[in-house]
Amino acid sequence: MKTHIYKIKKKYFNNFYDRSIAFSSLSFFMNLSVGIVKLFYGIYDSSIWFMILSGYDIILCIAKGYILILSKSLHNNELKIQNYHHIGFFIFFLGLSYFVLCIWMLIFNEKRMYPSYLLYGVTAFAFYKIGSAIYGMVIVKKQENSLLSMLKMIHFMDACVSIVTIQCAILVMKHSDHAINSSAILGMTISLIFMAIGYHMKRKYKIHIHKKRDII
């Protein structure tokens, strides 16, 4: 029993890579569950808002799932150039889905009121995601692991979206006249950054392919 506990501790507490993969696997299933619930609620309530939200969660899950699959098959966990292309594709559409959500929020003045106790819980969890993402980005630089870098970047992007959620929820609770506009604009700015990163990764792959053809 002690030997088994020691192995688990060594694998998931002392090894940053294995701990990151385990955490990402858990968050994958959480995001997927939330996305499916939002999708069914959106269909049931005829809410395009929740359908777009579910689209964001599902694309986020696909991106995480793709990287987690790669973690089982890549040698030395080093991403190949075509892997960057696929991840860039997911990141671009992740930004696009959130951009559409912010446009919808801006045009239709879409907002959600949270009970105070729920708002505190959402805020605390969002700050945890932000802190965890920043910590992961700092630590992963020392690892020099391209797969972990991409995984942590996805977590960081999700944390940025949490910042928008917190801002909007708090401003709505304070009955601010600019709650929706300011949150939507911030969200659109973050989305454009996502899309730029994704486009850059896709373009990098195309440049690599053209160089290979020129050599041939």
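Count charges around K64 for me, please; just the other residues with Cβ under 12 Å from its Cβ, Lys/Arg as +1, Asp/Glu as -1. Before the final figure, lay out the partial values.
Numbers: positive: K152; negative: D57, D158.
Result for the local shell: -1.
Subtracting the Cα-Cα distance from 0.36 nm times the residue separation, let me have the gained length for F40 to F108 in nm, one decimal. Show your work: numbers first, answer last.
Working: separation 68, 0.36 × 68 = 24.48 nm, distance 2.15 nm.
Additional length available on full extension: 22.3 nm.
So if we plug the beta-carbon distance of L192 and I170 into 1/(1 + (r/R0)^6) with R0 = 30 Å, what FRET efficiency do we get, rounded to 0.05?
Working: r = 23 Å, r/R0 = 0.78.
Using R0 = 30 Å, I get an efficiency of 0.80.
Between V138 and L74, what length in nm is gained on full extension when 0.36 nm per residue of separation is reduced by their alpha carbon distance? If you can, show how the numbers build up before the last one.
Values: separation 64, 0.36 × 64 = 23.04 nm, distance 2.30 nm.
Full extension of this stretch gives 20.7 nm more.
Using the Karplus curve 6.51 cos²θ - 1.76 cosθ + 1.60 with θ = phi - 60°, what ³J(HN,Hα) values do you get for each residue of segment 195-200, in whole Hz, with x for Gly and Pro?
Whole-Hz 3J(HN,Hα) from phi for segment 195-200: 5, 5, 5, x, 5, 4.
Only residues of segment 170-202 count here: report those whose backbone N is under 13 Å from the spot 7 Å along Cα→Cβ of Y120, or say none.
Under 13 Å, as judged by backbone N against the label point of Y120, lies no residue of segment 170-202.
If you keep only loop residues by DSSP, which trypsin sites (Lys or Arg not before Pro) in segment 121-203 have at most 13 other Cβ atoms within 10 Å of their Cβ?
On the way: sites: K129, K141, K142, K152, K174, K202, R203; in loops: K174.
Loop-located and lightly packed - K174.
Sort D177, D18 by heavy-atom solvent-accessible area, probe 1.4 angstrom, most to least. Write down the numbers at each step before the final one.
Working: D177 140, D18 35 Å².
In descending accessible area the options line up as D177, D18.
Using θ = phi - 60° and the Karplus form 6.51 cos²θ - 1.76 cosθ + 1.60, what ³J(HN,Hα) does each residue of segment 151-158 get, whole Hz, x for Gly and Pro?
5, 5, 5, 4, 4, 5, 5, 5
The values are calculated or read from the model by the stated rules, or taken from the named source; none is laboratory data. Just so it is clear, the model here is predicted, and its values are computed rather than measured. When we count neighbours, we look across all protein chains shown, and the Cβ atoms used for this are built from the backbone with ideal geometry, even at glycine. Surface accessibility is based on the protein's heavy atoms, side chains included, excluding ligands, DNA and RNA. Shrake-Rupley method; radii C 1.70, N 1.55, O 1.52, S 1.80 Å.
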